[in-house]
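The structure under discussion appears below in the form of C-alpha coordinates.
The values are calculated or read from the model by the stated rules, or taken from the named source; none is laboratory data. Since this is a predicted model, take the numbers as computed values, not measurements. Positions of Cβ are generated from backbone atoms using ideal geometry, with glycine treated the same way; all protein chains shown enter the neighbour counts. Please note that ligands, DNA and RNA were not included when accessible areas were found on the heavy atoms of the full protein model with its side chains. Shrake-Rupley method; radii C 1.70, N 1.55, O 1.52, S 1.80 Å.
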Amino acid sequence: MKNFIFLGPPGCGKGTQAEILCLKYNYLKISTGELLRKYSTDDLNLAKTISNILSEGGLVPDEIVAQIITDFYSGIEAVPAVILDGFPRTVNQAILLEQTLALYQMNVDQVFLFNVPDDILVKRITGRFSCSVCGAIYNKFFKQTLVEEKCDKCQSNIFISRSDDSEEIIINRLKTYHASLATLTQFYGDLIVEIDADKPLEIITDQIVSYL
Ligand code: AMP
(Lines give C-alpha, C1' and ligand atoms only; values in the text may rest on other atoms or scores of the structure.)
Protein backbone atom coordinates (compact mmCIF):
# COMPACT_ATOMS: atom_id res chain seq x y z
CA MET A 1 0.00 0.00 0.00
CA LYS A 2 1.34 3.39 -0.98
CA ASN A 3 1.10 6.58 1.06
CA PHE A 4 0.81 9.97 -0.62
CA ILE A 5 0.89 13.26 1.23
CA PHE A 6 -1.08 16.21 -0.12
CA LEU A 7 0.64 19.32 1.19
CA GLY A 8 -0.69 22.77 0.43
CA PRO A 9 -2.25 25.94 1.82
CA PRO A 10 -5.91 26.16 2.83
CA GLY A 11 -8.15 26.57 -0.21
CA CYS A 12 -5.62 25.06 -2.67
CA GLY A 13 -8.05 22.27 -3.64
CA LYS A 14 -6.08 19.32 -2.28
CA GLY A 15 -9.18 17.87 -0.58
CA THR A 16 -11.13 17.96 -3.82
CA GLN A 17 -8.29 16.30 -5.72
CA ALA A 18 -7.98 13.65 -3.02
CA GLU A 19 -11.68 12.85 -3.43
CA ILE A 20 -11.37 12.61 -7.22
CA LEU A 21 -8.45 10.16 -6.95
CA CYS A 22 -10.19 8.08 -4.29
CA LEU A 23 -13.14 7.56 -6.62
CA LYS A 24 -10.96 6.92 -9.64
CA TYR A 25 -8.46 4.50 -8.09
CA ASN A 26 -10.18 3.21 -4.97
CA TYR A 27 -7.74 5.04 -2.70
CA LEU A 28 -8.57 6.00 0.86
CA LYS A 29 -8.24 9.56 2.11
CA ILE A 30 -7.74 10.88 5.61
CA SER A 31 -8.25 14.59 6.22
CA THR A 32 -7.18 15.72 9.70
CA GLY A 33 -8.90 19.09 9.15
CA GLU A 34 -12.25 17.44 8.37
CA LEU A 35 -11.98 15.13 11.39
CA LEU A 36 -10.97 17.97 13.71
CA ARG A 37 -13.90 20.10 12.52
CA LYS A 38 -16.16 17.17 13.35
CA TYR A 39 -14.55 16.68 16.81
CA SER A 40 -14.88 20.39 17.53
CA THR A 41 -18.67 20.11 17.43
CA ASP A 42 -18.93 16.72 19.16
CA ASP A 43 -19.59 16.62 22.86
CA LEU A 44 -16.09 15.46 23.82
CA ASN A 45 -13.70 16.78 26.47
CA LEU A 46 -11.48 18.13 23.74
CA ALA A 47 -14.20 19.84 21.72
CA LYS A 48 -13.73 23.29 23.24
CA THR A 49 -9.92 23.22 22.99
CA ILE A 50 -10.06 22.11 19.37
CA SER A 51 -12.73 24.59 18.33
CA ASN A 52 -10.76 27.49 19.89
CA ILE A 53 -7.65 26.53 17.93
CA LEU A 54 -9.59 26.08 14.69
CA SER A 55 -11.26 29.44 15.10
CA GLU A 56 -7.89 31.15 15.46
CA GLY A 57 -6.32 29.30 12.52
CA GLY A 58 -3.54 27.74 14.63
CA LEU A 59 -2.32 24.15 14.85
CA VAL A 60 -3.94 21.53 17.06
CA PRO A 61 -1.35 19.82 19.37
CA ASP A 62 0.62 16.96 17.83
CA GLU A 63 -0.62 14.38 20.39
CA ILE A 64 -4.20 14.89 19.22
CA VAL A 65 -3.52 14.64 15.48
CA ALA A 66 -1.01 11.81 16.00
CA GLN A 67 -3.74 9.82 17.77
CA ILE A 68 -6.09 10.40 14.83
CA ILE A 69 -3.46 9.01 12.45
CA THR A 70 -2.63 6.01 14.65
CA ASP A 71 -6.34 5.12 14.94
CA PHE A 72 -6.75 5.48 11.20
CA TYR A 73 -3.91 3.11 10.27
CA SER A 74 -4.87 0.54 12.87
CA GLY A 75 -8.37 0.29 11.44
CA ILE A 76 -8.02 0.32 7.65
CA GLU A 77 -8.37 -2.45 5.10
CA ALA A 78 -5.85 -2.89 2.30
CA VAL A 79 -6.28 -0.32 -0.48
CA PRO A 80 -3.89 0.58 -3.32
CA ALA A 81 -2.97 3.86 -1.63
CA VAL A 82 -3.78 6.26 1.18
CA ILE A 83 -3.88 10.02 0.65
CA LEU A 84 -3.02 12.10 3.71
CA ASP A 85 -4.76 15.45 3.30
CA GLY A 86 -3.47 18.09 5.74
CA PHE A 87 -1.08 15.81 7.67
CA PRO A 88 1.77 16.15 8.46
CA ARG A 89 1.99 19.91 8.93
CA THR A 90 5.23 20.03 10.94
CA VAL A 91 8.48 18.07 10.94
CA ASN A 92 7.56 16.60 14.30
CA GLN A 93 4.34 15.25 12.77
CA ALA A 94 6.33 13.94 9.78
CA ILE A 95 8.53 11.96 12.18
CA LEU A 96 5.46 10.62 14.00
CA LEU A 97 4.04 9.55 10.65
CA GLU A 98 7.24 7.69 9.74
CA GLN A 99 7.09 5.85 13.05
CA THR A 100 3.47 4.86 12.50
CA LEU A 101 4.08 3.71 8.92
CA ALA A 102 7.14 1.70 10.00
CA LEU A 103 4.87 -0.42 12.21
CA TYR A 104 3.22 -1.65 9.00
CA GLN A 105 6.45 -1.81 6.91
CA MET A 106 5.37 1.21 4.89
CA ASN A 107 6.78 4.63 4.11
CA VAL A 108 5.82 7.87 2.39
CA ASP A 109 5.97 7.31 -1.37
CA GLN A 110 5.39 10.83 -2.69
CA VAL A 111 4.58 14.31 -1.41
CA PHE A 112 2.44 16.47 -3.69
CA LEU A 113 2.97 20.16 -2.98
CA PHE A 114 0.03 22.25 -4.23
CA ASN A 115 1.08 25.78 -5.16
CA VAL A 116 -1.42 28.65 -5.39
CA PRO A 117 -0.61 32.36 -4.85
CA ASP A 118 -1.83 33.68 -1.48
CA ASP A 119 -3.97 36.48 -2.96
CA ILE A 120 -5.95 33.96 -5.02
CA LEU A 121 -6.40 31.74 -1.96
CA VAL A 122 -7.78 34.61 0.11
CA LYS A 123 -10.34 35.36 -2.62
CA ARG A 124 -11.22 31.68 -3.08
CA ILE A 125 -11.91 31.26 0.63
CA THR A 126 -13.40 34.57 1.71
CA GLY A 127 -15.55 34.77 -1.42
CA ARG A 128 -17.01 31.30 -0.94
CA PHE A 129 -20.74 31.00 -0.18
CA SER A 130 -23.28 28.27 -0.70
CA CYS A 131 -27.00 27.80 -1.11
CA SER A 132 -28.46 26.75 2.23
CA VAL A 133 -31.17 24.72 0.50
CA CYS A 134 -29.31 22.60 -2.10
CA GLY A 135 -25.66 23.20 -1.11
CA ALA A 136 -24.54 24.59 -4.50
CA ILE A 137 -21.22 26.40 -4.08
CA TYR A 138 -20.44 29.88 -5.43
CA ASN A 139 -17.75 32.54 -5.09
CA LYS A 140 -18.31 36.28 -5.14
CA PHE A 141 -15.04 36.82 -7.04
CA PHE A 142 -14.94 33.81 -9.37
CA LYS A 143 -18.41 32.28 -9.67
CA GLN A 144 -21.45 34.46 -9.01
CA THR A 145 -25.03 33.22 -9.34
CA LEU A 146 -26.39 33.85 -12.85
CA VAL A 147 -29.23 35.94 -11.43
CA GLU A 148 -28.35 38.11 -8.44
CA GLU A 149 -29.24 36.44 -5.10
CA LYS A 150 -30.91 33.45 -6.73
CA CYS A 151 -29.40 29.96 -6.66
CA ASP A 152 -28.80 28.67 -10.22
CA LYS A 153 -29.83 25.16 -9.22
CA CYS A 154 -32.85 25.51 -6.91
CA GLN A 155 -33.76 29.23 -7.17
CA SER A 156 -33.50 29.71 -3.38
CA ASN A 157 -32.37 33.12 -2.11
CA ILE A 158 -30.87 31.93 1.19
CA PHE A 159 -27.07 31.67 1.20
CA ILE A 160 -24.49 30.83 3.90
CA SER A 161 -20.71 31.06 4.33
CA ARG A 162 -18.44 28.98 6.64
CA SER A 163 -17.59 30.51 10.03
CA ASP A 164 -13.82 29.97 9.63
CA ASP A 165 -13.83 31.68 6.23
CA SER A 166 -13.21 35.23 7.50
CA GLU A 167 -10.24 37.16 6.06
CA GLU A 168 -8.49 37.45 9.44
CA ILE A 169 -8.61 33.70 10.04
CA ILE A 170 -7.53 32.78 6.54
CA ILE A 171 -4.54 35.11 6.80
CA ASN A 172 -3.60 33.42 10.09
CA ARG A 173 -3.97 29.98 8.54
CA LEU A 174 -1.72 31.01 5.66
CA LYS A 175 0.89 32.36 8.11
CA THR A 176 0.80 29.06 10.03
CA TYR A 177 1.20 27.16 6.76
CA HIS A 178 4.15 29.20 5.50
CA ALA A 179 5.89 29.06 8.88
CA SER A 180 6.41 25.30 8.68
CA LEU A 181 6.60 24.81 4.92
CA ALA A 182 10.36 25.27 4.48
CA THR A 183 11.35 22.73 7.13
CA LEU A 184 8.81 20.23 5.85
CA THR A 185 9.95 20.51 2.22
CA GLN A 186 13.54 20.12 3.43
CA PHE A 187 12.54 17.01 5.36
CA TYR A 188 10.89 15.38 2.33
CA GLY A 189 13.48 16.54 -0.23
CA ASP A 190 13.29 14.45 -3.42
CA LEU A 191 9.91 12.97 -2.53
CA ILE A 192 8.29 16.32 -3.33
CA VAL A 193 6.45 16.90 -6.57
CA GLU A 194 5.23 20.44 -7.21
CA ILE A 195 1.73 20.87 -8.60
CA ASP A 196 0.53 24.11 -10.18
CA ALA A 197 -2.87 24.22 -8.48
CA ASP A 198 -3.96 27.56 -9.92
CA LYS A 199 -5.50 25.69 -12.87
CA PRO A 200 -8.81 24.03 -13.77
CA LEU A 201 -9.64 20.85 -11.79
CA GLU A 202 -9.01 18.35 -14.61
CA ILE A 203 -5.60 19.83 -15.40
CA ILE A 204 -4.54 19.54 -11.77
CA THR A 205 -5.76 15.91 -11.69
CA ASP A 206 -3.75 15.12 -14.85
CA GLN A 207 -0.62 16.62 -13.30
CA ILE A 208 -0.98 14.41 -10.21
CA VAL A 209 -1.86 11.27 -12.18
CA SER A 210 1.29 11.65 -14.27
CA TYR A 211 3.32 10.99 -11.09
CA LEU A 212 1.31 8.08 -9.63
P1 AMP B 1 -7.64 22.02 6.88
O2 AMP B 1 -9.05 21.67 6.57
O3 AMP B 1 -6.66 20.92 6.51
O4 AMP B 1 -7.20 23.35 6.34
O5 AMP B 1 -7.54 22.12 8.48
C6 AMP B 1 -8.36 22.99 9.22
C7 AMP B 1 -7.72 23.28 10.57
O8 AMP B 1 -7.56 22.05 11.31
C9 AMP B 1 -6.33 23.86 10.50
O10 AMP B 1 -6.36 25.27 10.34
C11 AMP B 1 -5.74 23.45 11.85
O12 AMP B 1 -6.22 24.27 12.89
C13 AMP B 1 -6.35 22.07 12.07
N14 AMP B 1 -5.49 20.99 11.54
C15 AMP B 1 -5.71 20.21 10.45
N16 AMP B 1 -4.73 19.33 10.27
C17 AMP B 1 -3.84 19.56 11.27
C18 AMP B 1 -2.58 18.99 11.62
N19 AMP B 1 -2.01 18.02 10.88
N20 AMP B 1 -1.95 19.49 12.71
C21 AMP B 1 -2.47 20.46 13.46
N22 AMP B 1 -3.64 21.06 13.19
C23 AMP B 1 -4.33 20.62 12.09
| Listed residue (Cys151, Ser74, Thr183) projecting farthest to the positive dipole end of the chain, Cβ model | Cys151
| At R0 = 45 Å, FRET efficiency that the Cβ-Cβ distance of Ser156 and Glu98 yields, to 0.05 | 0.40
| remark: Square roots of five times the C-alpha gyration tensor eigenvalues of the stretch 1-68, ordered largest first and given in whole Å, equal 25, 13, 11
| Are there cysteines in the chain with no other Cys C-beta under 4.7 Å, and if so, which? | Cys12, Cys22
| How big is the stretch 20-108 on each of its three principal axes, counting only the C-alpha atoms and giving the largest first in Å? | 36, 28, 21
| note | Of all C-alpha pairs within the stretch 65-127, those more than 18 angstrom apart amount in percent to 46
| task | Would you mind working out the magnitude of the charge dipole of the chain relative to its Cα centre, with +1 at each Lys and Arg C-beta and -1 at each Asp and Glu C-beta, to the nearest 20 Debye? | result | 380
| What percentage of the solvent-accessible surface of the stretch 1-111, computed with a 1.4 Å probe over protein heavy atoms, is contributed by carbon and sulfur atoms? | 52
| Solvent exposure of the stretch 65-212 as accessible area per residue, Å², 1.4 Å probe | 56
| query | If the viscosity is 1.306 mPa s and the temperature 10 °C, what translational diffusion coefficient in µm²/s does Stokes-Einstein give for the stretch 95-212 when Rh comes from Kirkwood over Cα pairs? | reply | 92
| Say a site is exposed when it is one of the GluC sites (Glu not before Pro), sits in a DSSP loop, and has at most 10 other Cβ atoms within 10 Å; what is then the longest site-free stretch of the chain? | 1-76
| note | The number of Lys pairs in the chain whose alpha carbons lie under 17 Å apart, excluding pairs fewer than 8 residues apart on one chain, is 16
| request: Between the alpha-carbon centers of the stretch 182-212 and the stretch 76-141, tell me the distance in whole angstrom. | output: 12
| task | Return the calculated 222 nm mean residue ellipticity for the chain, to the nearest 500 deg cm²/dmol, obtained by summing -39500 (n - 2.57) across DSSP H runs with n ≥ 4 and dividing by the residue count. | result | -14500 deg cm²/dmol
| field | Coil-residue trypsin sites (Lys or Arg not before Pro) of the stretch 136-205, DSSP, other Cβ within 10 Å capped at 14 | value | Lys140, Lys153, Arg162
| query | Normalised by the residues of the chain, what does the relative contact order come to in percent, with Cα pairs under 8 Å and at least six apart? | reply | 30
| remark: Between the Cα axis of helix 62-75 and the main Cα principal axis of the chain, the angle (0 to 90°, nearest 10) is 80
| query | If amide H atoms are built 1.01 Å from N in the plane of the peptide, which residues on other chains or at least 5 residues away come under 5 Å of the amide H of Phe159? | reply | Ser132
| query | Check Ile195: other-chain or 5+ apart residues with amide H under 5 Å from its amide H, H built from backbone geometry? | reply | Leu113, Phe114, Asn115
| task | In vacuum, with every alpha carbon of the chain counted as one equal point scatterer, what does the Debye formula give for log10 I(q)/I(0) at q = 0.11, 0.14 Å⁻¹? Two decimals, please. | result | -0.57, -0.93
